[in-house]
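Working notes, beginning with the structure itself.
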Amino acid sequence: MELQDISNTIESILCGFELKCEELFNDKNAIGLLELFFDKYYFKELELNFGPTEEKELFNEMVATLEKDLSFIPKEQRIKVMASIYRSIQRRTNGGREYLQFAQQYVGVRPLTI
């Protein structure tokens, strides 16, 4: 259940971004944010390469929400769950918002920290 709770938190953040960005946020954007998280917290990259202008803002918002809601969960465990979500997005997407729409049916949207 703990892993499911972590997954629900992460997916609800991503679904929240879809609503916040008026549906301009898609599965590719979600994959990009997860990759940035891996770069920073798994690969320990000091400088991140952000894409679209709002990507940095969304990344910072995601990190702040995760720190607030999942601070008791080690980052290594969060990374493993994110990797599972990452693979799920890649399997379900056709280049649009297929995964986000699927996830929203089950997890909804979590209020964001910022």
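Throughout, read-outs are computed from the coordinates displayed, never taken from laboratory work. As the structure is a prediction and not an experimental result, all values here were calculated from the model. Counting neighbours? That spans all protein chains shown, and the Cβs are built from the backbone with ideal geometry, glycine included.
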Net charge dipole size for region 2-107 [Lys, Arg +1 and Asp, Glu -1 on Cβ; Debye, nearest 20] = 340 debye
Computed helical MRE - 222 nm, the chain, DSSP H runs ≥ 4 contributing -39500 (n - 2.57), nearest 500 = -23000 deg cm²/dmol
Can you tell which of N26, N60, N49 shows the greatest fluctuation in a Gaussian network model of the chain with Cα springs below 10 Å?
-> N49
Output ³J(HN,Hα) for region 40-45: one whole-Hz value per residue in order, computed from phi by the Karplus curve 6.51 cos²θ - 1.76 cosθ + 1.60 with θ = phi - 60°, and x for Gly and Pro.
-> 6, 9, 9, 8, 6, 6
One finds the C-alpha centres of region 1-48 and region 72-93 to be spaced, in Å, by 9 Å
Long-range tail of P(r) for the chain (Cα pairs > 18 Å, %) | 45 percent
Evaluate the distance, in nm, between pseudo-label points positioned 7 Å from the Cα of E45 and of I79 along their respective Cα→Cβ axes.
-> 1.4 nm
Going by how many other beta carbons lie within 10 Å of each one, how would you line up L58, L36, fewest first?
-> L36, L58
